[in-house]
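Below you'll find the structure, written out as structure tokens, and then a few comments.
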Amino acid sequence: MLAKSFSASDAVEIYFLARGKHLQRIQQDGLKVIHGDQTWIAKPTLASDNPSDFGEVDYILLCTKSYDLEETIHQLKPCIGADTILIPFLNGVESPEKISALLPQNLVLGGCVYIVSSIKEYGIVQNVGNIQTLYFGLDNSTNDKLIALEQIFLQAKIEATLTQNMSAVMWEKFHLVAANSTATSYYENTTGEILADETKAAFLLALLQEVNQIALAKGISFESDMIDATYKKLQSFPFGATSSMQRDFWKGDGKTELDTITGYVMREGKLLNIPTPSFDEAYEKLK
């Protein structure tokens, strides 16, 4: 949406870092986006697998898998300057801390996106859901560059919100990601199939309760009942919706988000002395 909106702009340049056949198709034809009955093409200022081609950038939006994060940060160093701001939109809640450890001089924000989408084929992304909202920011802080970025998002008609309560926003999403990713991978079912089965739905609810206990123990403050709110979000998903981690297992290459999602909940549970029997059961099967 950024590339589409600013394709003719002299003020804003959008670069895509991609790889392989996906990159080749984007370079040749642009990135095709399918959303419902709408189809459009996005052509960035430049698409490349070499960050040196971009020069120093103002903002980096990290939209990789969590298991690719460290490699991607090292790859991006040629376009990271002292004032570059990084925003991870990855599943899980550990990414800002991991990036800050690698780039201690840079400002690293929290970020999260609610969207049901996937790569349909090389050069084609399909959004099959009815939710596509984006949040980014810090806790109790903001600055002019973050306000400017929010305006860039909004100009591109992205449903973006700059928040000063980022930890709660990220943990609110993590309720959904941790429970849904673990359940869909464990049962090898879609979200709809799990919700339609009484036993499986009860397991999903138990996962939500365990995440909530950990969040509250960590001092995260929510405005509403996160278990109920998250369950309702899951009920709004298309019946055939799958999770990112579930698709990792389908690929069968051994690279999954299991340790950064299911494993993270287990590790935090042990640190906080909070039992996580549902996550333990799923992790033992999935590992």
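Computed from the coordinates by the stated procedures, all read-outs in this text should not be read as laboratory data. Remember, predicted model here, so these are calculated numbers, not experimental data. Every residue, glycine as well, gets a Cβ built from its backbone with ideal geometry; the counts of neighbours run over all protein chains shown.
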Set the bar at 18 Å for Cα to Cα. Now go through K21/K157; K120/K251; K43/K65 and name every pair that lies beyond it. K21/K157; K43/K65
I want to make sure I understand the PRE zone here: with the label point 7 angstrom from the Cα of L46 toward its beta carbon, which residues in region 52-95 have backbone N atoms less than 17 Å away? 52-61, 75-81
With n ≥ 4 as the cut-off for DSSP H runs, can you work out [θ] at 222 nm for the chain, using -39500 (n - 2.57) per run divided by the number of residues, rounded to the nearest 500? -13500 deg cm²/dmol
If I fit a long axis through the Cα atoms of helix 20-29 and take the longest principal axis of the Cα atoms of the chain, what angle between them do I get, 0 to 90°, rounded to 10? 50
Extreme residue, positive dipole direction of the chain, given options F237, G192, P44 (C-beta unit charges): P44
Order of E97, E172 from fewest to most other C-beta atoms within 10 Å? E97, E172
Normalised by the empirical 2.2 N^0.38 Å for globular proteins, what value does the Cα Rg of region 217-287 take? 1.30
Along the three principal axes, how long is the chain when you take its alpha carbons, biggest first, rounded to the nearest angstrom? 55, 40, 33
Per-residue HN-Hα couplings for region 197-207 [Karplus 6.51, -1.76, 1.60; θ = phi - 60°; Hz; x = Gly/Pro]: 10, 4, 5, 5, 5, 5, 5, 4, 5, 5, 4
Here the net charge surrounding Y187, from other residues whose Cβ is less than 12 Å away from its Cβ (Lys, Arg +1; Asp, Glu -1), is -2
Quick check: net charge around T242, other residues with Cβ under 11 Å of its Cβ, Lys/Arg +1 and Asp/Glu -1? -2
Counting other beta carbons within 10 Å of each residue's own, what order do M1, M226 fall into, fewest first? M1, M226
So how strong a dipole does the chain carry about its Cα centre when Lys and Arg Cβ are +1 and Asp and Glu Cβ are -1, to the nearest 20 debye? 500
First measure r as the distance between the Cβ atoms of D37 and Y122, then evaluate 1/(1 + (r/R0)^6) with R0 = 25 Å and state the FRET efficiency to the nearest 0.05. 0.65
Rank-order 84-94, 231-241 by packing density, defined as the average count of other C-beta atoms within 10 Å over each peptide's residues, highest first. 84-94, 231-241
Cα centre as origin, Lys/Arg/Asp/Glu Cβ charges: region 148-287 dipole, Debye: 280
Surrounding charge for L207, neighbours by C-beta under 13 angstrom, Lys/Arg +1, Asp/Glu -1, total -2
Taking a virtual spin label 7 Å from the Cα of Q235 along the C-beta vector, which residues in region 182-198 bring their backbone nitrogen under 18 Å of it? 191-198
I need the Kirkwood Rh of region 2-164: take the reciprocal of the average 1/r across all distinct C-alpha pairs and report it in angstrom. 16.5
